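Below: the structure, in structure tokens.
The values are calculated or read from the model by the stated rules, or taken from the named source; none is laboratory data. What you are looking at is a predicted structure, and each value in this text was computed from that prediction instead of being measured. With ideal geometry, Cβ positions are generated from the backbone for all residues, glycine too; neighbour counts draw on all protein chains shown. These area figures cover heavy atoms from the full protein model, side chains too; ligands, DNA and RNA do not enter into them. Shrake-Rupley method; radii C 1.70, N 1.55, O 1.52, S 1.80 Å.
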Amino acid sequence: MAQIFAYVAHKAGKADDSALELTVAAKKIDPNASVTAIVVGSDAVCNEVAASYNEVWKIGTDAYPNAEVIRKALVNILPKESIVLISHDTFGMDLSPGLSVKLDSAFVADAMDFEGIEDGKLKVIRQEYAGMVTTHVSCDIANGAVVNVRPGAFQPDESTGAGGSVVDKTGDAGDLSETTRRFLEVVEAEVGDVDITKSDILISVGRGIEDQDNLEIINDLAKAVGGDVSCSRPIVDAKWLEKARQVGTSGQTVKPKVYMALGISGSFQHMGGIKGNPFLVAVNKNAKAPIFQVADVGVVADILEFVPELTEKVSEMK
Amino acid sequence: MEILVCVKRVPDTSENEIEINKDGSDIERDDLVYSVNEWDNYAIEEAIQIRDNVGGAVTVVTVGDEESEEVLRREMAMGADNGLHLLDSAFDGSDGRGIATILKAAVEKGNYDLILTGALADDGAGQMGGMLAAMLDYPYASLVNKIEVIDDKKIKAGREIEGGNQEMSEMDLPCVLSIQTGINEPRYVGIRGIRKVASVEIPTLTAGDLGIAPESVGDAGAKVKRMDYFMPEMGEGAEMLEGSTDEIIEKLIEMLKAKGGIK
Ligand SMILES: Cc1cc2nc3c(=O)[nH]c(=O)nc-3n(C[C@H](O)[C@H](O)[C@H](O)COP(=O)(O)OP(=O)(O)OC[C@H]3O[C@@H](n4cnc5c(N)ncnc54)[C@H](O)[C@@H]3O)c2cc1C
Ligand SMILES: Nc1ncnc2c1ncn2[C@@H]1O[C@H](COP(=O)(O)O)[C@@H](O)[C@H]1O
């Protein structure tokens, strides 16, 4: 039986959504696993997490979560050969690869699903090439493993009334002071002139638009349907639109009624910013684009040709 | 400042539709267009800008087959001073840990103050920088979208975190940073620039040169192995609209009206 740990992050005194997802992920690895949550934080968060885990290991501190410090603490308290699940978010990406090196265990990033353990190998499903292909990966867990789990890949199980106990491991965690990387501050993202989090209709554009000048056809469609323009990350990286219009995990979380994804491939970081189950229309010239797996309606077309025609018909109709 | 930038040659996903080959052992490699990993271009650009501000040199390094030399040349055309090609059939089949082991050996042959990687490459791991830093016992920050050199011992680095917020830290040198897109605007490299570096010697180093035991890297040393590529069973998927463009648009407008997508 594997001994599985889940690192549970929290913010403003509340456990992250991943807390409930990671227990489900652990059970998928081994249905009989005893799953222990590790919380670096306060009693309140530990007690919240204890409702859904057999046991919670607490490292008591209210310092900013510095991955370098937390890595040291985890190396001090984790038993050898454990499997450690961590959310594949910006903190997990910061912490996990180095943690696996220090634990001398295997590392798998961005796991989407598991097919159990066989002959000491954990079988993991993940994606490559921005979600265009899927693979089985075999991970030798003889010496344990650190596995980053994709946020949202497992449906949280709210029913588990595990009611576990909290064990204070602070004393074993070692020195928690910052050394070579010292936290200064969090600078909040700038607000833009449009608040896309309030829009009912979003006309969202991705790298498929090819050129800044072509954005005009997107603006025209947005105007015709009475929506706002949002975009994927490459459009912001290229400085074609302001950061406040970026949808995704490192941008805005939006809750429109209708979302049109135009020339957007559908990476999980982009889709992670779309909540509230909107009516999702995707237009993409590649029939195999991952976005078609999650959209409600799809059109295989070149947006440079399709969008102006759509705009014209919408305007005529009005 | 001596800066090392790690780069990888990858299939260009904006130029190719990536598909699985017949037996699922690999992606279809015929006619693939390759380029330097998107994130690595931002890393190189940042390194060049830092060098131009505070002096020093930029070295680009890759672990890869013969073909990979072209990405080193491209980054040198952008303005990197030196290239370093880590090339040995013993490296084939390395997992992330293996590649980091090879890069670590190369780092130890030099004297670098700052090591940059991309935040992510084609297989979506985002692991190299963190592994390399841990092996070297250097401080590390991932997803960096701002670097400010304080002096030759310290930098200030910003990490892009959820919601586009930025976590600022002060870090001791030498350190490793993985670079997020958008940190700068990578300069354009023209044919002329490429031609200028076409005949520059790029040294290659083998496992032997680097003092790496062959069984610690490559397929033999890999704990994490890709078994196959497959097509997942998809859920419902989208309802695909078909017909002439006019018919499609007509249907789409009907649906949008019904769902409140046209005001
Ligand atoms: C830590 C982290 C955070 C991130 N946060 C975000 C985020 O918040 N938001 C975000 O969007 N991304 C984010 N990303 C980036 C993300 O991984 C993807 O790289 C990005 O979402 C891709 O954007 P895209 O779909 O526009 O481009 P691509 O993936 O390049 O897709 C372009 C699509 O357009 C299609 N296309 C091309 N030309 C045409 C045409 N003429 N007509 C129709 N279709 C066409 C192509 O078939 C393709 O499917 C993040 C990445 C990391 C590592
Ligand atoms: N074979 C390689 N040679 C040199 N650098 C690499 C190699 N593979 C990955 N990297 C670096 O690690 C970064 C992240 O890649 P990965 O960890 O594979 O997602 C890349 O952007 C490169 O900077």
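Note on exposure: B:36, B:149 ranked by accessible area (1.4 Å probe, complete protein assembly) read B:149, B:36, with the most exposed listed first. Using alpha carbons only, the radius of gyration of the range A:196-317 set against its Kirkwood radius gives Rg/Rh = 0.92. A Förster distance of 30 Å, applied to the separation of the beta-carbon atoms of residue B:23 and residue A:285, puts the FRET efficiency at 0.60. With only the Cα atoms considered, the range B:157-235 has a convex hull volume of 307 Å³ per residue. With K and R counted +1 and D and E -1, the other residues having a Cβ less than 13 Å from that of residue B:5 yield a net charge of -4.
Highest mobility in the GNM of chain B, judged by mean-square fluctuation with C-alpha springs under 10 Å and restricted to B:20, B:147, B:253, is found for B:253. Using the alpha-carbon atoms, what tilt in degrees (0 to 90, nearest 10) does helix B:38-54 show relative to the longest principal axis of chain B? Tilt of helix B:38-54: around 40 degrees. Inter-chain Cβ neighbour count for A:256-265, averaged per residue, equals 2 (cutoff 10 Å, partner chain atoms only).
Kirkwood-type hydrodynamic radius, the range A:3-172: 15.8 Å, calculated from all non-identical alpha-carbon pairs. Take A:114-123, A:243-252 and order them by the average number of nearby Cβ atoms within 10 Å per residue, most first; the result is A:243-252, A:114-123. Across the range A:1-124, the mean sequence separation of Cα contacts (distance under 8 Å, 6 or more residues apart), normalised by length, yields a relative contact order of 26 percent. Note on residue B:32 and residue A:215: their simple-model spin labels are 3.3 nm apart, each label 7 Å out from Cα toward Cβ. Mean per-residue shielding of peptide B:165-173 is 6, counting Cβ atoms of other chains within 10 Å of each Cβ. Each Lys or Arg adds one and each Asp or Glu subtracts one; over the other residues with Cβ under 13 Å from the Cβ of residue A:50, this totals -3. Candidates A:125, A:189, B:222 compared by Cα position along the dipole of the protein assembly as shown: farthest toward the positive end lies A:189, with charges placed on Cβ. If R0 is taken as 22 Å, the Cβ-Cβ distance between residue A:176 and residue A:54 corresponds to a FRET efficiency of 0.30.
Helix-only mean residue ellipticity at 222 nm, chain B, DSSP H runs n ≥ 4 weighted -39,500 (n - 2.57), per residue, nearest 500. What is it? Please report the intermediate quantities before stating the final value.
Details: 8 runs with 79 residues, N = 263.
Rounded to the nearest 500, it is -9000 deg cm²/dmol.
Derived value for the protein assembly as shown: Kirkwood hydrodynamic radius 24.9 Å. Basis is the mean of 1/r over every pair of different alpha-carbon atoms.
What is chain B's relative contact order, in percent, from Cα pairs under 8 angstrom and six or more apart in sequence?
Numbers: 480 pairs, mean separation 61.1, N = 263.
It rounds to 23 percent for chain B.
Suppose the Debye formula is applied to equal point scatterers at every Cα of the range B:88-175; what is log10 I(q)/I(0) at q = 0.10, 0.22 Å⁻¹? One equal scatterer on each Cα of the range B:88-175 leads to -0.28, -1.14. For a straight C-alpha distance cut-off of 24 angstrom, the lysines reachable from residue A:80 (same-chain residues fewer than eight places away being disregarded) are A:27, A:28, A:58, A:72, A:102, A:121, A:123, A:169, B:223, B:225.
Chain A contacts chain B over a buried accessible area of about 7200 Å², both sides summed; the probe is 1.4 Å and only protein chains count. Under a Gaussian network description of chain A, with springs only between Cα atoms under 10 Å, the residue in A:137, A:147, A:167 that fluctuates furthest is A:167. Highest average first, the peptides A:279-292, A:168-181, B:111-124, A:95-108 ordered by how many other beta carbon atoms sit within 10 Å of their residues are A:95-108, B:111-124, A:279-292, A:168-181.
If you take every residue apart from residue B:124 with its C-beta less than 11 Å away from the C-beta of residue B:124, what net charge results, scoring Lys and Arg +1 and Asp and Glu -1?
Values: positive: A:126, A:150; negative: A:110, A:128, B:122, B:123.
Once positives and negatives cancel, what remains is -2.
Over the range B:2-221, average the accessible area per residue using a 1.4 Å probe and give it in Å², no decimals. Working shown, then result.
Details: 9050 Å² over 220 residues.
Solvent-accessible surface per residue comes out at 41 Å².
Using only side-chain charges placed at the Cβ, +1 for Lys and Arg and -1 for Asp and Glu, the dipole size of chain A relative to its Cα centre rounds to 280 debye. To check you understand DSSP bridge types, tell me what percent of the beta bridges within chain B (both residues inside) are antiparallel, rounded to 5. Here the share of antiparallel DSSP bridges comes out near 40 percent. In the range B:2-221, one over the average inverse separation of all distinct C-alpha pairs is 17.8 Å, which is the Kirkwood hydrodynamic radius.
For the range B:49-187, averaging the sequence separation of C-alpha pairs within contact (under 8 Å, six or more residues apart) and dividing by the residue count gives a relative contact order of 20 percent. Inter-chain neighbour count for B:176-183: the average number of beta-carbon atoms from partner chains within 10 Å of each residue's beta-carbon is 3. Between the range B:150-173 and the range A:96-153, the C-alpha centres lie 28 angstrom from each other. The base-10 log of I(q)/I(0) for chain A, evaluated at q = 0.06 Å⁻¹, reads -0.25 [Debye formula, identical scatterers on Cα atoms, solvent excluded]. In chain A, taking the dipole from charged Cβ atoms about the Cα centre, the farthest positive-side position among A:83, A:214, A:263 is held by A:83. Taking a ≥ b ≥ c as the square roots of the eigenvalues of the Cα gyration tensor of the range A:127-183, is the shape rounded (a/c under 1.5), prolate (a/b larger than b/c) or oblate? Taking the square roots of the gyration eigenvalues as a ≥ b ≥ c, the range A:127-183 is oblate. Membrane-span-like helices in chain A (whole DSSP H runs, Cα extent of at least 30 Å along the helix axis, mean Kyte-Doolittle hydropathy of at least 1.0): none found.
For chain A, what does the helix formula give at 222 nm: sum of -39500 (n - 2.57) over DSSP H segments with n ≥ 4, over the residue count, nearest 500 deg cm²/dmol?
Details: 10 runs with 88 residues, N = 318.
The per-residue figure over chain A is -7500 deg cm²/dmol.
Assuming charge only on the beta carbon of Lys and Arg (+1) and of Asp and Glu (-1), the dipole of the range A:3-172 about its Cα centre is about 200 debye to the nearest 20. Compared with the dominant principal axis of the Cα atoms in chain B, helix B:96-109 is inclined by about 30°.
Our coupling estimate for the range A:192-207, obtained by passing each phi through the Karplus curve with A = 6.51, B = -1.76, C = 1.60 and θ = phi - 60°, is x, 7, 10, 9, 5, 5, 9, 7, 8, 10, 10, 9, 10, 10, x, 4 Hz, Gly and Pro reported as x. In the full protein context, the range A:1-132 carries 36 Å² of accessible surface per residue, based on a 1.4 Å probe and ignoring ligands, DNA and RNA.
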